[in-house]
Amino acid sequence: MTRTVIRGGLVITATEEVAADVLVLDERIAALGTPEVAEGWLPDADVVLDATGRYVIPGGVDGHTHMEMPFGGTFSSDTFETGTRAAAWGGTTTIIDFAIQSIGRSAREGLDTWHAKAEGRCAVDYGFHLILSDVRTDSLAELDGLVDEGVTSFKLFMAYPGVFYSDDGQVLRAMQSAAGNGALTMLHAENGIAIDVLVRQALAEGRTDPRHHGAVRHPLLEAEATHRAIQLARVAGAPLYVVHVSAAEALDEITAARDSGLDVFGETCPQYLFLTVDELARPGFEGAKFVCSTPLRPEQHRERLWRGLRTGDLSVVATDHCPFCFASQKELGRGDFSKIPNGMPGVEHRLDLLHQGVVEGRISRRRWVELASTTPARMFGLHPRKGALTPGSDADVVLYDPVATQVISAATHHMNVDYSAYEGREITGRVRTVLSRGEVILDEDRYLGRPGRGRFLPRDTCQYLT
Ligand code: URP
Ligand code: ZN
Ligand code: ZN
């Protein structure tokens, strides 16, 4: 048995902050104790980690990543190997990625394909949601079985007609199935049919630059789809999780639904908290680096999203990590913004960026942990194994230096992508040491992890439902 003692840190969870030492036995948290109690652990300790001046927090849970995702005629550039290594560098010890059911294929086949991509390659633990691209009677019939296997959430798209799009009837049918088997329906809420009209009009008028990506994906088309998704969920009697919320008007819909007592949850991402639509208008083709959907929005939306995180109207910060190299992949959309592969890199910097919210006094330290770790763990049925530092929890632990500074750059990041959306941004705070199930995989800037040590996590159903 390996005994690890983490000494002298400030343990911060979603509910408390306490100066405590942590005893880890093999893969699990065994105890939290005062320094006096911890003295008794030391003689038998195999590993002692000094956490003086550091926060000791549960490892991050990123509930929204896309490794090796086929999209826009190419694949997102991080594999499960490179993407989970970058996650580990950034203090994220669990990712939940999206397996994809292809059109005309079974859900089973999609899930098996993603298992094959991930198995033996991940540095940290991982689970899967399933993207339902083809809602049919037979594919719906498969879902109960997938829930039993621990794939307890399904994503549908109201955007991207002809690719991942589901119409309202298909969305409703999938939600009815979720109401029966306890799954959580995740919705990409944008009115894709209306957006495609605006895309065609823009291109016909010669508006082909990346900045038009933001213009055609109007905030009201996000709000309208969010409203529709909420009503469909009500009709089905199913809970709803709205992914990558970026428009204030969409947040208003979620807030109203929550105020009326519905099980509706909102997720946002660091790009919407830190970047604005102005990035899309960078000179030349550089705006392509910032093409993602939902799109970046004007400044006032950013402020509203921060407020939503504070008030609890937004529940989770995930990354929607979906990197495409600028030089080789974003290039596919030069001269036609609609062909730029949608997505941005981010899995490595979620904890650090969200920590700026603490530094700037926007959220508390406990809320930081809650948004980045505990709530996603509960939302996706992994708590208290993940997202907690209680006896019996997996020893996924981050030692975080809250005063160290760093500058984000593609030259130093670990994601397999040739640019950073935050190039040159100075960050206060830095991940120093990371344990994944008791094993030190990052130690003071030395990476000690390896592909294949991350395990698949069968998940329970959402732990927030009334
Ligand atoms: O632009 C994005 N978000 N790309 C990834 C796919 C999705 O819609 O989540
Ligand atoms: Zn999406
Ligand atoms: Zn996504």
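The values are calculated or read from the model by the stated rules, or taken from the named source; none is laboratory data. Note that the structure is predicted; figures quoted are calculated from it, not measured. Cβ placement follows ideal geometry from the backbone for every residue including glycine, while neighbour counts extend to all protein chains displayed. Protein only, heavy atoms only, side chains kept; ligands, DNA and RNA dropped before computing areas. Shrake-Rupley method; radii C 1.70, N 1.55, O 1.52, S 1.80 Å.
Between M67, M1, which is over 29 Å from R366 (Cβ atoms) and modelled with pLDDT of 95 or more?
Exactly one of M67, M1 is over 29 Å from R366 (Cβ atoms) and modelled with pLDDT of 95 or more, namely M67.
Looking at (1) open to solvent by 10 Å² or more (accessible area, probe 1.4 Å); (2) in a helix (DSSP H, G or I), which is the one condition that is false for E68?
(2)
Residues being within 16 Å of ligand 3 (Cβ to nearest atom) and in contact with a Cys (Cβ under 9 Å, 6 or more places away or on another chain): count how many of those fall in the stretch 322-363.
Within the stretch 322-363, residues that are within 16 Å of ligand 3 (Cβ to nearest atom) and in contact with a Cys (Cβ under 9 Å, 6 or more places away or on another chain) number 8.
Name the single residue that is least open to solvent (accessible area, probe 1.4 Å) among those in the stretch 240-277 being without any contact (Cβ under 8 Å) to a residue 12 or more places away in the chain and under 27 Å from V358 (Cα atoms).
Across the stretch 240-277, the extreme among qualifying residues is A256.
If we scan the stretch 374-397, do we find a residue that is touching a strand residue (DSSP E or B) at 6+ places or on another chain (Cβ under 6 Å), closer than 25 Å to G424 by Cα, touching a residue at least 60 places away in the same chain (Cβ under 8 Å) and acidic (D, E)?
No, that holds for no residue.
Could you grab me the full set of residues in the stretch 32-65 that are open to solvent by 60 Å² or more (accessible area, probe 1.4 Å), in contact with a helix residue (DSSP H, G or I) (Cβ under 9 Å, 6 or more places away or on another chain) and of a type in the set (S, T, N, Q)?
Across the stretch 32-65, there are no qualifying residues.
Could you count how many residues in the stretch 393-446 are within 22 Å of P323 (Cα to Cα), of a type in the set (D, E, K, R) and either open to solvent by less than 10 Å² (accessible area, probe 1.4 Å) or in contact with a Leu (Cβ under 8 Å, 6 or more places away or on another chain) (or both)?
0
Yes or no, residue by residue, for (1) part of a helix (DSSP H, G or I); (2) open to solvent by less than 10 Å² (accessible area, probe 1.4 Å); (3) hydrophobic (A, V, I, L, M, F, W, C); (4) within 16 Å of A233 (Cα to Cα):
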residue: F128; (1), (2), (3), (4): no, yes, yes, no
residue: E142; (1), (2), (3), (4): yes, no, no, no
residue: G145; (1), (2), (3), (4): yes, no, no, no
residue: G150; (1), (2), (3), (4): no, yes, no, no
residue: Y160; (1), (2), (3), (4): no, no, no, no
residue: I195; (1), (2), (3), (4): yes, yes, yes, no
residue: L203; (1), (2), (3), (4): yes, no, yes, no
residue: T208; (1), (2), (3), (4): no, no, no, no
residue: E222; (1), (2), (3), (4): yes, yes, no, no
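With the checklist (1) polar (S, T, N, Q); (2) surrounded by fewer than 19 Cβ atoms within 10 Å (Cβ to Cβ); (3) closer than 16 Å to Y165 by Cβ in hand, flag the one item N191 doesn't pass.
Unmet condition: (2).
Mind checking which pairs have a first residue in the stretch 285-307 that is more than 21 Å from I340 (Cβ to Cβ) and aromatic (F, W, Y) and a second that is open to solvent by 10 Å² or more (accessible area, probe 1.4 Å) and not in a helix (DSSP H, G or I), Cβ under 6 Å, 6 or more apart or different chains?
W306/R362
Residues of the stretch 291-316 being in contact with a Pro (Cβ under 7 Å, 6 or more places away or on another chain) and of a type in the set (A, V, I, L, M, F, W, C), which ones?
Those that are in contact with a Pro (Cβ under 7 Å, 6 or more places away or on another chain) and of a type in the set (A, V, I, L, M, F, W, C): V291, V316.
Matching residues to (1) surrounded by 24 or more Cβ atoms within 10 Å (Cβ to Cβ); (2) outside any loop (DSSP other than H, G, I, E, B); (3) among the hydrophobic types (A, V, I, L, M, F, W, C):
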position: L332; (1), (2), (3): no, yes, yes
position: S338; (1), (2), (3): no, yes, no
position: P341; (1), (2), (3): yes, no, no
position: E348; (1), (2), (3): yes, no, no
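Given the condition closer than 24 Å to F380 by Cα and polar (S, T, N, Q), answer yes or no: does some residue in the stretch 207-219 qualify?
Within the stretch 207-219, not a single residue is closer than 24 Å to F380 by Cα and polar (S, T, N, Q).
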